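The values are calculated or read from the model by the stated rules, or taken from the named source; none is laboratory data. Please read these numbers as outputs of a predicted model, since none were measured by experiment. Cβ: placed from backbone, ideal geometry, glycine included. Neighbour counts: every protein chain shown. For the accessible areas, the whole protein counts, side chains as well, though only heavy atoms, and no ligand, DNA or RNA atoms are used. Shrake-Rupley method; radii C 1.70, N 1.55, O 1.52, S 1.80 Å.
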Amino acid sequence: MSKQRVLTGITTSGTPHLGNYVGAIRPAIEASRSGDFESFFFLADYHSLIKSQDPEMVHRSTMEIAATWLALGLDPDKVTFYRQSDIPEIPELTWFLTCMTAKGLMNRAHAYKGAVQTNEEQGEDADHGINMGLFSYPILMAADILMFNAHKIPVGRDQIQHVEMARDVAQRFNHHYGEHFVLPAAVVDDKVAVLQGLDGRKMSKSYGNTIPLFLGEKQLKKHINKIKTNLLEPGEPKDPDSSAVFQIWKAFATETQTAAMREQFANGIAWGEAKKQLFELVNSQLADARERYETLIQDPAEIEKILQQGAEKARTESQELIAKVRQAVGIRPLV
Ligand code: TRP
């Protein structure tokens, strides 16, 4: 039997943060190293245009995210690593899938529903500020996934619904046009799927509460010191499970280290001390990668070369698939 395929993408609309690392990049790279899977990783730059109309930001972020994955040990010879916009078959497949997607399904997407709800709460028109990219974003994501017949999609919890939608759309397409697509499933790492940010909410660029992944040591320390805590004094027992400091600790620590920190919380560790230990743990795990990152960022031509090689590899598959799909839907030469 051929190996299972793992595929994931990161939207290029910001600087990678600890939440991206823990929730997506780290598990994906680990899976690719195990050799048990065939891995596809890509920069979702088309997706970034839904939220960011700042060209410099989109461009810069693409470079930062590519450098991040490579610095963290992604081996482009062992995986297929590419940029979404280098694969013209993806937007083409998006259209074929769009015509197989019920509008009602898209009405139920959390990201869209959330935006409508915010508008209603603020007394705005329901559609205020919502572009069609946001509305149909799950279809573009479905094309990313179905294009390469991926089985497993490592994602954060907020993306599970999108993977399920990709599955629905695939099923509908297969039912109507014949079996072309593998049905994908989301994989969520229960231990570390969602990291809390500085304010205790989910770490997310949309909340502005992130800790960027490759800050210099001083800046990293500064950010960790900004994590919100309560007013309990040193010596007073603290609740680890409601603490962002502890949650981030847990995402980087071994089980033994986590148990030890839990005990320190029970024994009333001072917030300052807990943060100092957290800084040391995170810093020690990221220091080497940070150095590789700095080197790569100085050499965009090298990164571009790696992406072009990835696109070439990916397109041997996407061209083959799109040819079959065109055929299946009736878009083919007349004779
Ligand atoms: N929408 C995902 C996010 O915001 C990124 C993404 C785009 C993705 N296409 C994908 C993730 C395909 C997994 C598979 O995090």
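Report those helices (runs of 4 or more DSSP H) wholly inside segment 216-335 carrying at least 3 residues which are farther than 30 Å from residue 88 by Cα and within 28 Å of the chain's Cα centre (by Cα). Steps first, answer last, please.
Working: elements: 217-225, 244-252, 255-266, 271-297, 300-329.
Passing ranges, in order: 217-225, 244-252, 255-266, 271-297.
Might you check whether a residue that is surrounded by fewer than 17 Cβ atoms within 10 Å (Cβ to Cβ), assigned by TED's automatic domain parsing to the domain that holds residue 27 and part of a helix (DSSP H, G or I) occurs anywhere in segment 135-155? Before you say what the answer is, go through the steps one by one.
Our first condition is that a residue be surrounded by fewer than 17 Cβ atoms within 10 Å (Cβ to Cβ); within segment 135-155, this holds for none.
There is no residue in segment 135-155 that is surrounded by fewer than 17 Cβ atoms within 10 Å (Cβ to Cβ), assigned by TED's automatic domain parsing to the domain that holds residue 27 and part of a helix (DSSP H, G or I).
Among the residues that make up segment 105-113, is at least one of them touching a Leu at 6+ places or on another chain (Cβ under 6 Å), touching a residue at least 40 places away in the same chain (Cβ under 8 Å) and not acidic (Asp, Glu)? No, because not a single residue in segment 105-113 is touching a Leu at 6+ places or on another chain (Cβ under 6 Å), touching a residue at least 40 places away in the same chain (Cβ under 8 Å) and not acidic (Asp, Glu).
Assess whether residue 160 counts as being near the ligand (Cβ under 10 Å from one of its atoms) and within 14 Å of the chain's Cα centre (by Cα). Quick ask: steps written out before the conclusion?
Details: near the ligand (Cβ under 10 Å from one of its atoms): no; within 14 Å of the chain's Cα centre (by Cα): yes.
Judged against the criteria, residue 160 is not a match.
Restricted to segment 33-49, and to residues there that are modelled with pLDDT of 95 or more and open to solvent by 30 Å² or more (accessible area, probe 1.4 Å), the residue that is nearest to the ligand (Cβ to nearest atom) is 46. In segment 11-32, the residues that are assigned by TED's automatic domain parsing to the domain that holds residue 144 and within 13 Å of the ligand (Cβ to nearest atom) form Cβ pairs under 6 Å with partners that are open to solvent by 10 Å² or more (accessible area, probe 1.4 Å) and charged (D, E, K, R), at six or more places apart or across chains, as follows: 12/45; 13/51; 14/205; 27/189. All conditions but one from (1) in contact with a Leu (Cβ under 8 Å, 6 or more places away or on another chain); (2) open to solvent by 40 Å² or more (accessible area, probe 1.4 Å); (3) within 30 Å of residue 306 (Cα to Cα) apply to residue 92; the one that does not is (1). Listed by first and then second residue, the pairs linking a residue in segment 233-250 that is assigned by TED's automatic domain parsing to the domain that holds residue 268 to a residue that is in a loop (DSSP other than H, G, I, E, B) and not basic (Lys, Arg), with Cβ atoms under 6 Å apart and 6 or more places separating them unless they lie on different chains, are 234/270; 235/268; 236/268; 237/268; 238/232; 244/200; 244/227; 245/227. Suppose we filter segment 169-182 for residues that are touching a residue at least 24 places away in the same chain (Cβ under 8 Å) and open to solvent by less than 70 Å² (accessible area, probe 1.4 Å); how many remain? The qualifying residues number 7.
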